[in-house]
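Read through the structure below, which is laid out as structure tokens, and then see the notes.
Just so it is clear, none of the values below were taken in a lab; they were calculated from the coordinates. As the structure is a computational prediction, the values presented were derived from the model and not from experiment. For neighbour counting, all protein chains shown are included, and Cβ atoms are generated from backbone atoms with ideal geometry for every residue, glycine included.
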Amino acid sequence: MRCAVLQLSAQGMSSTKLYNYIRIAHTKNVKVLLLGEYILNPFFKELQTMSISMIREQAEHQIKILKELSSTYKMTIVAPLVIVKRKKVYKTVAKFAPSSTAYYQQQLLINYTHWNEEKFFSNSIDAIESPLVFKVDGFKFAIISGFELHFDEIFAHLVQKNIDAILLPSVSTFDSYDRWKALILSRAFTNNCYILRANRIGEYIEKDFSWKFYGDSILASPNGELLSHLGNKEELMLVDMTHSEVVHARRTWGFKDTIKRKES
């Protein structure tokens, strides 16, 4: 399965880079393309100052473009989007397939004093359900947001679904570089699946404070090894994943068999 991460800064209403990079990905036989958080929409802090109508207009524009690109190039595009329904704002991850579109509404949102997405967005805060799961050419993917990677409750819904790869769009910043890498590799190993992480780049200035988004998009193996990663520049990362490597890792470590023995 050939996939790609498009590591970008926020693009606003411009679609030029999306068109150019997706054309390149198509020539490289990419089946699934992943974008990071807050690339197609302004960063969370900027959204707080925007009107609902402006957020809606931008989302509708990006949805139209991504549907067109997915259909034209026969590629599945996974892209975080902030959308508006009934004058309420929701944080989602959209999956644009050539013949269909699906949305995963983020279930666990950041709720820190300096970064309170939970308060701003209208996402339902109920019992945790399964993330979005889909197949491309028999290869099974799951989508979760970056923040959700921290929570065991999310993975409890995936353990019996035999996921080959988790797609992880994120917006990591500050001095979290090493923590995120360690967490991604650990989750990939304990779940014996690939994790493909797309992190945005760029900077947001809040008064005299800088939020620097450092990139470091990553592919982790089912054995918890770092297979590929990017730096902090704009770039397209191509990666290849195989179902056989996932199966081999699960047979080698036997984590699921241990759980089944305990349950029986």
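Taking neighbour Cβ counts within 10 Å as the exposure measure, how do Asp152, Asp216 sort from fewest upward? Don't jump to the answer; show the numbers that get you there.
Details: Asp152 9, Asp216 21.
By the 10 Å Cβ count, ascending, the order reads Asp152, Asp216.
FRET efficiency for Tyr112 and Lys85, Cβ-Cβ distance as r, R0 = 35 Å, nearest 0.05? It would help to have the intermediate numbers written out before the result.
On the way: r = 25 Å, r/R0 = 0.73.
With R0 = 35 Å, the Cβ-Cβ based efficiency is 0.85.
Could you please state, rounded to a whole Å, how far the C-alpha centre of the stretch 186-204 is from the C-alpha centre of the stretch 81-101?
21
Can you list the HN-Hα couplings for the stretch 130-146, worked out from phi with the Karplus curve (6.51, -1.76, 1.60; θ = phi - 60°), rounded to whole Hz and with x for Gly and Pro?
5, x, 5, 10, 8, 10, 10, 6, x, 8, 9, 10, 10, 10, 9, 7, x
Greater than 21 Å separation of Cα atoms is the criterion. Which listed pairs, Lys17/Lys119; Lys119/Lys212; Lys181/Lys233; Lys95/Lys256; Lys88/Lys140, meet it?
On the way: Lys17/Lys119 32 Å; Lys119/Lys212 23 Å; Lys181/Lys233 17 Å; Lys95/Lys256 28 Å; Lys88/Lys140 32 Å.
In this structure, Lys17/Lys119; Lys119/Lys212; Lys95/Lys256; Lys88/Lys140 exceed 21 Å between Cα atoms.
Would you mind working out the magnitude of the charge dipole of the chain relative to its Cα centre, with +1 at each Lys and Arg C-beta and -1 at each Asp and Glu C-beta, to the nearest 20 Debye?
Approximately 700 debye in magnitude.
Along the charge dipole of the chain, Cβ charges K/R +1 and D/E -1, which of Leu226, Val30, Gln7 sits furthest on the positive end?
Val30
Need one number: % antiparallel among DSSP beta bridges in the chain, to the nearest 5. Walk me through the numbers before you get to the answer.
On the way: 41 of 57 bridges.
Bridges in the chain that DSSP calls antiparallel: roughly 70 percent.
I'd like the FRET efficiency for Glu234 and His61, computed as 1/(1 + (r/R0)^6) with the beta carbon distance as r and R0 of 25 Å, rounded to 0.05. Provide the component values of the computation, followed by the final result.
Values: r = 21 Å, r/R0 = 0.85.
With R0 = 25 Å, the Cβ-Cβ based efficiency is 0.75.
Let me check against my output: what whole-number percent is the relative contact order of the stretch 1-130, with C-alpha pairs under 8 Å and at least 6 apart? Write out the running numbers ahead of the final one.
Numbers: 210 pairs, mean separation 26.3, N = 130.
Rounded, it is 20 percent for the stretch 1-130.
What is the distance, in nm, between label points placed 7 Å from the Cα along the Cα-to-Cβ direction at Ser100 and at Ile24?
3.1
Using θ = phi - 60° and the Karplus relation 6.51 cos²θ - 1.76 cosθ + 1.60, list the HN-Hα couplings for the stretch 176-186 in order, rounded to whole Hz, with x at every Gly or Pro.
Along the stretch 176-186, the couplings run 9, 3, 5, 4, 5, 4, 5, 5, 4, 5, 5 Hz.
Would you mind calculating the relative contact order of the chain from Cα pairs under 8 angstrom and at least 6 residues apart, reporting the percent as a whole number? Spell out each step's value before the answer.
On the way: 531 pairs, mean separation 51.9, N = 264.
After rounding, I find 20 percent.
Please determine, in degrees from 0 to 90 and to the nearest 10, the orientation of helix 16-27 with respect to the longest principal axis defined by the Cα atoms of the chain, where the helix direction is its Cα long axis.
Roughly 30 degrees, rounded to the nearest 10.
Once the piece of chain linking Ile128 and Phe174 is laid out straight, how much longer is it, given 0.36 nm per residue of separation minus the C-alpha distance between them?
Additional length available on full extension: 13.8 nm.
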